[in-house]
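Below: one structure, written as structure tokens.
The values are calculated or read from the model by the stated rules, or taken from the named source; none is laboratory data. Remember, predicted model here, so these are calculated numbers, not experimental data. Virtual Cβ from ideal backbone geometry, glycine too; neighbours counted across all protein chains shown.
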Amino acid sequence: MRIAVIGAKGLPPGQGGIEHYCAQVYPRMVAAGHDVDIYGRTSYTGMPWSEPCDFSGVRVFSIPALPKIKGADAIISSGIGAFVSTFLRRYDVIHIHALGPALFCWLPFLFSSSKVVVYCHGLDWQRVKWGRFSSSLIRLGEKLAVRYSNEMVVVSQELRRYFWETHGHETVYIPNGPAQYSPSDQDFSFGKRLGLDPGKYLVFLGRLVPEKCPDLLIEAFLRLKECGWKLAIVGGNSDTSAFQDRLSGLAQSDPRVIFTGVLRGRYLAEVVRGAGIFVLPSEVEGLPLAMLEAMQEGLPIVASDIPPHQQLLGDRRGVMFRSLDLDDCIDKLTWAMGHPDEMEAMSQVAQSYVRQNYNWERVVRDANHLHFMLLGSASEAMPVNVSPPQGIITKKSKMSVSQG
């Protein structure tokens, strides 16, 4: 089948969960025999709009945008992508990622024969970087997605509950999977150059944006006097340079707090694998890929107790503190650093849990099954020697929800 993808910035992935999702899912769909076109942005790919580039068999078209106006590139590229995939090219299925780009889901839904699937990775209107006007547009995109899509896919049980309680709308639950980190230097040479000692530092990995609360983590860490640990902040800003400056000011040039910037490949793998504890203090998440990957690596986890984190860390798979509670964050970090055996036991349970419940092969299998259901060919969804996917709930079939 032919699949169009709208809402992703492009490939190869840089910083951004949706792009990493696309890098894992769509090459696998190509390998399964499908044609996939992604409509990205020249501001991200750096490629000319006139000719597509290839990423593991996926065609990536770069659409001109206005990168200097916050949010404008996303709106323009999504609108053009929706127009092209509706009127100029023929597709069986159109994927629209995120609620902002879903502003245009009505176009292919009303004016083409394509089946429209909107993917919600999180409630983006909750993100601090968007102002009142942008947030209102994203909320409108949410309402349009409910009305003008053939299906909506959500990545967490909390998002599924949200759409049912808010809109009375059933969604398809297909959780993310973790990517595999690159091989890394066993001698930890890059980490040592950063001033880190294996097993004796906390690591935060993510975009430096207010809703991920790296400022709370820095404040908590600075109160842990004489703990013998350091804190590595891995990531760059996302239209939030002023917030990044604030983080630097909070750290007060304390040599124990190390800002690495954006890391990729073996350098990222080395710094994450070498950490003693992975910390994610977010106030807003969908289903965090960074945490899934850390759990897969067997890292001990400390995180805020928001619902997506509870889904991953419940049943003693990690330690959670009350969201936005600085004192509780300090208490839980202190306990975690002082109880390495207990944290190690939790990390082993978490690693096994992720391997059993979250993987990209399952994501692609469930997505393909959904496609064929929408196209009226459910019998062609999978090879006959593969059991039907568990965990999809749709308006058309009442399958049981995955335990993931």
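Points to keep in mind about this one:
- Yes/no for residue 149 being of a type outside the set (Val, Ile, Thr), in contact (Cβ under 8 Å) with a residue 12 or more places away in the chain and under 20 Å from residue 212 (Cα atoms): no
- If you go through region 312-332 and keep only what is among the hydrophobic types (A, V, I, L, M, F, W, C), in a helix (DSSP H, G or I) and more than 30 Å from residue 183 (Cβ to Cβ), you end up with 326, 329, 330.
- Within region 340-359, residues that are closer than 23 Å to residue 199 by Cα have Cβ atoms under 7 Å from residues that are surrounded by 13 or more Cβ atoms within 10 Å (Cβ to Cβ) and at pLDDT below 95 in these pairs: 354/178, counting only partners at least 6 apart in sequence or on another chain.
- Selection from region 9-42 of residues that are farther than 17 Å from residue 262 by Cα and β-branched (Val, Ile, Thr): 25, 30, 36, 38, 42
- All positions within region 325-356 that are closer than 19 Å to residue 218 by Cβ and either touching a His at 6+ places or on another chain (Cβ under 7 Å) or exposed (fewer than 14 other Cβ atoms within 10 Å of the Cβ) (or both): 327
- Among the strands (runs of 3 or more DSSP E) confined to region 1-64, the ones with at least 2 residues that are under 27 Å from residue 375 (Cα atoms) and not charged (D, E, K, R) are located at 2-6, 35-41, 58-63.
- Criterion applied to 200, 192, 225, 212 was being touching a strand residue (DSSP E or B) at 6+ places or on another chain (Cβ under 8 Å) and farther than 18 Å from residue 122 by Cβ, and the one residue passing it is 200.
- Exclusive hit being in contact with a His (Cβ under 6 Å, 6 or more places away or on another chain) and within 20 Å of residue 18 (Cα to Cα), set 155, 209: 155
- Residue match in region 333-347 (condition: farther than 30 Å from residue 28 by Cα, among the polar types (S, T, N, Q) and either assigned by TED's automatic domain parsing to the domain that holds residue 229 or touching a strand residue (DSSP E or B) at 6+ places or on another chain (Cβ under 7 Å) (or both)): yes
- Among (1) in contact (Cβ under 8 Å) with a residue 24 or more places away in the chain; (2) under 27 Å from the mean Cα position of the chain (by Cα), the one test that residue 197 misses: (2)
- Subset of region 234-255 (residues that are outside any helix (DSSP H, G or I) and touching a Gly at 6+ places or on another chain (Cβ under 9 Å)): 234, 235, 236, 238, 239, 255
- The condition of being out of contact with any strand residue (DSSP E or B) (no Cβ under 6 Å at 6 or more places or on another chain) and surrounded by fewer than 18 Cβ atoms within 10 Å (Cβ to Cβ) holds for only one of 157, 126, that being 126.
- Filter result (farther than 19 Å from residue 340 by Cβ and either surrounded by fewer than 19 Cβ atoms within 10 Å (Cβ to Cβ) or touching a Leu at 6+ places or on another chain (Cβ under 7 Å) (or both)) within region 268-283: 271, 281, 283
- Leading residue by the ranking (farthest from residue 214 (Cα to Cα)) among those in region 264-311 that are in a helix (DSSP H, G or I) and of a type in the set (D, E, K, R): 266
- Filtered residues of region 223-250 (kept if closer than 23 Å to residue 336 by Cα and either touching a Ser or Thr at 6+ places or on another chain (Cβ under 8 Å) or at pLDDT below 90 (or both)): 224, 225, 226, 227, 232, 233, 234
- Contacts under 6 angstrom Cβ, first residue in region 299-312 being within 25 Å of residue 269 (Cα to Cα), partner part of a helix (DSSP H, G or I) and among the basic types (Lys, Arg), 6 or more apart: 302/332
- Qualifying residue in region 185-203 (condition: in a loop (DSSP other than H, G, I, E, B) and over 14 Å from residue 274 (Cβ atoms)): no
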